[in-house]
1. Please pick out the residue among A:Ser20, A:Ser52 that is out of contact with any Asp or Glu (no Cβ under 9 Å at 6 or more places or on another chain) and farther than 27 Å from B:Ser33 by Cα.
2. For the stretch B:6-26, how many residues meet the condition of being surrounded by 15 or more Cβ atoms within 10 Å (Cβ to Cβ) and within 13 Å of another protein chain (Cβ to nearest Cβ)?
3. Going by the structure shown, is A:Leu87 within 14 Å of chain B (Cβ to nearest Cβ) and either in contact with a strand residue (DSSP E or B) (Cβ under 6 Å, 6 or more places away or on another chain) or under 14 Å from A:Leu21 (Cα atoms) (or both)?
4. Which condition does A:Asp39 not pass, out of (1) without any contact (Cβ under 8 Å) to a residue 24 or more places away in the chain; (2) over 23 Å from B:Asn100 (Cα atoms); (3) of a type outside the set (Val, Ile, Thr), if it passes all the others?
5. For A:Lys63, which of the numbered conditions (1) within 11 Å of chain B (Cβ to nearest Cβ); (2) in a strand (DSSP E or B) fails to hold?
6. Before we move on, is B:Thr86 of a type outside the set (A, V, I, L, M) and surrounded by 14 or more Cβ atoms within 10 Å (Cβ to Cβ)?
7. For residues in the stretch B:88-114 being over 25 Å from B:Met27 (Cβ atoms) and among the polar types (S, T, N, Q), which is farthest from the chain's Cα centre (by Cα)?
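Every number here is computed from the coordinates shown, using simple stated rules; none is lab data. Please read these numbers as outputs of a predicted model, since none were measured by experiment. Here the Cβ is made from the backbone with ideal geometry for all residues, glycine too, and neighbour counts use every protein chain on show.
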Amino acid sequence: EDQVTQSPEALRLQEGESSSLNCSYTVSGLRGLFWYRQDPGKGPEFLFTLYSAGEEKEKERLKATLTKKESFLHITAPKPEDSATYLCAVGGDMRFGAGTRLTVKP
Amino acid sequence: NAGVTQTPKFQVLKTGQSMTLQCAQDMNHEYMSWYRQDPGMGLRLIHYSVGAGITDQGEVPNGYNVSRSTTEDFPLRLLSAAPSQTSVYFCASSYAAQGNSPLHFGNGTRLTVT
């Protein structure tokens, strides 16, 4: 059975303090690794799709990378508006991890 | 362009009552799905549809029914609500078959069953 595990569950950063979120997965045949952002009371919003090991995608302060067993979401010099829950999912069954709740303090 | 619209936003039911959660999309997406989101468990797939007239079960289908009579609409029916169905429900759609393209989500229905 496909499994997706995200760590840490929660992360508190000071504004400007860079860090990384982890998404590890076990799937039989990866059909894409998806990252989403979810704000309180809202549905998840798509950020990135990665399809092959070594692939990287960037958007503003966020960069997603992919290896054969995990993906990282790197956040460079975060701002308070980056506070949200970040979800990853693996394509095929579109199975989601439980998410990382990020809080960025000014 | 409204995207994915879910109604109602909030609902309280008593055990044993039935209700339908509505979902509509205006992007002409073939694929639609329903998820529930519970603390610490992430999003879990309930049912999905790859086109009008076609539905299939996801990871947690028990206690829920769906139908897909049009491309735009994908309602979720709770036949006899139970406290274990207290959750936030999200409808999502995508332009390609399951797992191949990003999902567009509605803003959810928060359901409480007492």
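1. Step by step, each of A:Ser20, A:Ser52 is checked, and only A:Ser20 is out of contact with any Asp or Glu (no Cβ under 9 Å at 6 or more places or on another chain) and farther than 27 Å from B:Ser33 by Cα.
2. Of the residues in the stretch B:6-26, 3 are surrounded by 15 or more Cβ atoms within 10 Å (Cβ to Cβ) and within 13 Å of another protein chain (Cβ to nearest Cβ).
3. yes
4. Failing condition for A:Asp39: (1).
5. That leaves (1) as the condition not met.
6. yes
7. B:Thr114
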